[in-house]
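Derivation of every value follows stated rules applied to the coordinates shown; laboratory data play no part. Just so you know, these numbers come straight off a predicted model, no measurement behind them. Glycine also receives a Cβ, built like all others from the backbone with ideal geometry; neighbour counts cover every protein chain displayed.
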């Protein structure tokens with residue numbers, strides 16, 4: 001399916017402030033970026049780099065006053081996601097070198113604290129894909145997805161205690177439970193068609209039998225129409241913006257995802 005993703009973010013800047021942004025999707029195995037625009041008002045010099053995870057990042061200094069960022073992209077992406085019931089567990093010694101890092105505990109995913117709970121959740125489940133599916137189902141049934149949750153920037157331990165959170169928090173818990181079972185897992189941030197309420201979205205991927213598979217505890221069934229912007233160990237790696245200086249919060253942030261009837265001209 002063809003999707004048009006758009007976002008508008010506006011800040012009121014009191015002193016010149018350094019930003020790093022992560023707002024550009026890149027073409028890859030699961031998506032093709034056919035058109036893209038990226039507008040800054042006022043226009044300022046930007047340096048782009050690719051981070052450790054392959055994410056496209058931009059560095060800039062925002063001037064004093066109103067500073068806005070507007071992006072738009074037309075992207076071809078799958079209208080479904082792959083599933084693989086019965087796909088076997090892959091032994092750690094056989095994992096690719098680049099995947100090993102996604103077995104380790106991280107700032108928001110304290111996987112070493114979830115070994116027992118993970119084993120309890122997947123008891124009598126076939127090792128591999130079915131274990132991750134059981135984790136996704138358990139989170140959906142036991143942790144409330146609340147887009148308006150007052151609990152913010154929670155780690156996996158904290159969201160398991162609070163029993164509710166936004167999409168990012170549910171992804172943290174899924175990642176921690178997978179890693180506790182020696183299944184590599186990573187955070188994904190991007191767009192989801194028909195998400196309600198519309199916003200940037202987070203989910204997780206698990207590496208099983210030589211392939212990354214998508215899991216999203218916020219959705220009642222496997223759902224495509226996803227556009228990936230960034231991958232990382234957890235939310236600390238995939239923030240759509242980081243600013244360095246006095247705390248700044250967007251005065252406006254709007255996200256839109258529209259399905260296109262035909263491929264863009």
Residue 196-residue 93 FRET efficiency (beta carbon distance; Förster radius 41 Å; 0.05 resolution): 0.45
Give the angle, between 0 and 90 degrees and rounded to the nearest 10, that separates the Cα long axis of helix 129-142 from the longest principal axis of the Cα atoms of the chain. 70
At 0.36 nm per residue, and after removing the present C-alpha to C-alpha distance, how many nm does the segment from residue 116 to residue 258 gain when stretched out fully? 46.9 nm
Computed over the chain: longest principal axis from alpha-carbon atoms vs helix 167-180 long axis, angle to nearest 10 degrees, is 40
Once fully extended, how much extra length lies between residue 164 and residue 6, figured as 0.36 nm per residue of separation less the alpha-carbon to alpha-carbon distance? 54.1 nm
For the pair residue 100 and residue 32, the simple spin-label estimate (label points 7 Å beyond Cα toward Cβ) gives in nm 3.6
Which number comes out as Rg/Rh for the range 150-195 once both Rg and the Kirkwood Rh are worked out on C-alpha atoms? 1.01
Taking a point 7 angstrom from the Cα of residue 66 along the C-beta vector, which residues in the range 230-265 have backbone N less than 20 Å away? 248-256
How many angstrom lie between the C-alpha centres of the range 184-228 and the range 38-60? 24
Neighbouring Cβ atoms within 10 Å as the yardstick, rank 14, 43, 106 fewest first. 43, 14, 106
Taking the highest mean first, how do the peptides 198-211, 239-252, 173-186 order by number of other beta carbon atoms within 10 angstrom per residue? 173-186, 198-211, 239-252
Expressed as a rounded percentage, what relative contact order does the chain have, with Cα pairs under 8 Å and six or more residues apart? 29
P(r) tail fraction, the range 123-262 - alpha-carbon pairs more than 23 Å apart, %: 34
Considering Cα pairs under 8 angstrom that are at least six residues apart, work out the relative contact order of the range 92-237 and quote it in whole percent. 27
In nm, to one decimal, how far is the modelled label at residue 43 from the one at residue 220, with both set 7 Å along Cα→Cβ? 4.8
Show that you can apply the helix-only estimate: for the chain, add -39,500 (n - 2.57) for every DSSP H stretch of four or more residues, divide by all residues, and state [θ] at 222 nm to the nearest 500. -4500 deg cm²/dmol
Distance between modelled label sites at residue 125 and residue 137, nm, 7 Å Cα→Cβ extension: 0.8
